[in-house]
Amino acid sequence: MEISSYSLGRAGEELACKFLKEQGFFIAARNYRSERGEIDIIAEDRETVLFVEVKLRSADAGYLPREAVTQNKKNRITNAAKNFIYRSKNPLKPRFDIIEITMNERQDLKDADINWIENAFE
């Protein structure tokens with residue numbers, strides 16, 4: 001039975017949240033939506049608020065997951081982040097990251113590769 005792309009995406013976000021928690025971050029929000037865009041994960045530590053885009057691909061996709069984050073997508077995430085900061089009055093330093101998750105050909109996340117790209121929008 002094939003897993004839906006929605007289910008895979010949710011599982012990828014769960015894996016990314018687990019990864020960020022292991023790095024010492026608190027998950028402040030998931031799937032944050034505003035009229036200007038959507039952010040997969042918002043995470044915080046003592047100094048930084050991370051706005052994280054999660055991209056999941058199979059190893060045989062033919063391109064890197066980060067290549068799916070277009071300038072238009074970056075603009076929407078940035079606008080949504082501005083909305084979040086304004087509404088929450090968050091004083092932390094913002095940063096935009098991408099977490100790439102590459103699955104094996106069996107679409108198994110147990111041994112997926114995770115690549116954390118910090119400051120991905122610079």
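Some values worked out for this structure:
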quantity	calculated
Condition broken by residue 120, with the remaining ones in (1) surrounded by fewer than 17 Cβ atoms within 10 Å (Cβ to Cβ); (2) part of a loop (DSSP other than H, G, I, E, B); (3) not charged (D, E, K, R) satisfied	(1)
The stretch 17-40 residues that are free of Cβ contacts under 8 Å to residues at least 60 places away in the same chain, paired with ones that are in a loop (DSSP other than H, G, I, E, B) and surrounded by fewer than 16 Cβ atoms within 10 Å (Cβ to Cβ) (beta carbon under 7 Å, 6 or more apart)	24/45; 25/45
Checklist (1) assigned to a strand (DSSP E or B); (2) open to solvent by 30 Å² or more (accessible area, probe 1.4 Å); (3) within 18 Å of residue 14 (Cα to Cα) applied to residue 54, failing item	(2)
Meets criteria (open to solvent by less than 70 Å² (accessible area, probe 1.4 Å) and either of a type outside the set (Phe, Trp, Tyr) or in contact with a strand residue (DSSP E or B) (Cβ under 6 Å, 6 or more places away or on another chain) (or both)) for residue 97	yes
Residue in the stretch 49-58 that is nearest to the chain's Cα centre (by Cα), counting only those that are closer than 13 Å to residue 81 by Cα and of a type outside the set (Asp, Glu)	52
The stretch 32-68 - residue that is of a type in the set (Lys, Arg) and closer than 17 Å to residue 16 by Cα and, of those, modelled with the lowest pLDDT	57
Scope the stretch 59-84; condition outside any helix (DSSP H, G or I) and open to solvent by 30 Å² or more (accessible area, probe 1.4 Å); matching residues	59, 60, 61, 62, 63, 64, 70
Given (1) open to solvent by 40 Å² or more (accessible area, probe 1.4 Å); (2) in a loop (DSSP other than H, G, I, E, B); (3) on the phi < 0 side of the Ramachandran plot, index of the condition residue 90 fails	(1)
Total residues in the stretch 69-105, condition of a type in the set (D, E, K, R) and under 24 Å from residue 22 (Cβ atoms)	4
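The values are calculated or read from the model by the stated rules, or taken from the named source; none is laboratory data. Because the structure is predicted, anything quoted here is derived from the model rather than measured. Counting neighbours? That spans all protein chains shown, and the Cβs are built from the backbone with ideal geometry, glycine included. Only protein heavy atoms, including side chains, enter the accessible area calculation; ligands, DNA and RNA are left aside. Shrake-Rupley method; radii C 1.70, N 1.55, O 1.52, S 1.80 Å.
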